[in-house]
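Take a look at the structure set out below.
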Amino acid sequence: MKQLRKRTIKLLVLLSTFIVSFILAEALSITISPSTSLSLAQALPTCSAIPRLLQAPDSKTSAPLPPTLSSTSVPGPAPRIDRVGFPKNYQNAFKLIYVVDRPDNKQVRVICGNEIAAAVKPGQLFPYGSVFVMEIYRAKQDPDGNVVKDEKGQYIRETLTAIYVHRKEKGFGADYLENRTGEWEYIGYRPDQTYLPNGAPGKTNACAACHLKLAGQSEDYVFRQE
């Protein structure tokens, strides 16, 4: 009886060890699974889900703001073919990354990304297939030209004026020459999906220069809201 009891105890210990090992293995596989990052992205609201962030970005900690693009400057070298493309249904398919007010030009900028881009964690490079959209809105103003703010002190979006898109794919970006930002390319559209004068094919060097100088290589040339 004693030997049988000892054998039973050993079997239970072995079985318990196996079960614990299996659970740990499953947990580890979930941790390192590529689909985990996508599930994190899926938890973000869609681009059109909420009108604003709950809190205004802190100027001391938020990502640097890209400058206003000038339509009068002489364009530098840029891709002459639109390989970025307008992302259909991005307002429902893309995730809201952050919203930022621009006091210098009385704008609201809404940054959204597809699931591939939204799944990237701080410090990581963006994989091929990452796409970002930047909506530019004119902020609501009173008759004297002062920006009207909501109860949270944030700008109120009034009119959508531009939609800038940038995409990362293998081999992209070489045409920007000294302003190349890795393998990203940029394009700018009006709300009706026609090209902006300073965002059309061959005219987007200013976009690359902005991301090169203000976002930089350490951020994979993307303005991030940490």
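The values are calculated or read from the model by the stated rules, or taken from the named source; none is laboratory data. In this text the structure is predicted, and so the values were computed from the model without any measurement. Every residue, glycine as well, gets a Cβ built from its backbone with ideal geometry; the counts of neighbours run over all protein chains shown. For the accessible areas, the whole protein counts, side chains as well, though only heavy atoms, and no ligand, DNA or RNA atoms are used. Shrake-Rupley method; radii C 1.70, N 1.55, O 1.52, S 1.80 Å.
Could you report the accessible area of ARG190 in Å², rounded to 10, computed with a 1.4 Å probe on the protein chains as they sit in the structure?
Accessible area of ARG190: about 90 Å².
So, for the range 93-137, what is the accessible surface per residue at a probe of 1.4 Å, expressed in square angstrom?
35 Å²
Go through ILE81, ILE111, ILE156 and list them by solvent-accessible area, largest first, probe radius 1.4 Å.
ILE81, ILE156, ILE111
How much accessible area does PHE223 have with a 1.4 Å probe, in Å² rounded to the nearest 10?
20 Å²
What percent of all Cα-Cα pairs in the range 162-226 falls into each 5 Å bin, going from 0 up to the bin containing the maximum distance?
Here the calculated profile for the range 162-226 is 4, 19, 28, 25, 16, 7, 1.
Could you work out how far apart the two model spin labels at VAL148 and TYR98 are, taking each label as a point 7 Å from the Cα in the direction of the beta carbon, and quote it in nm?
It is 2.8 nm.
Fully extended, how many nm does the chain gain between LYS213 and ARG80 (0.36 nm per residue separation, minus their Cα-Cα distance)?
Result for the pair: 45.7 nm of gain on full extension.
Please identify which residues in the range 155-171 have an amide N closer than 18 Å to a label point set 7 Å out from the Cα of GLN193, following the Cα→Cβ vector.
Answer for this model: 160-167.
Sorting ARG224, ARG83, ARG102, ARG157 by accessible area (1.4 Å probe), largest first, what list results?
If we order ARG224, ARG83, ARG102, ARG157 from most to least accessible, we get ARG83, ARG157, ARG224, ARG102.
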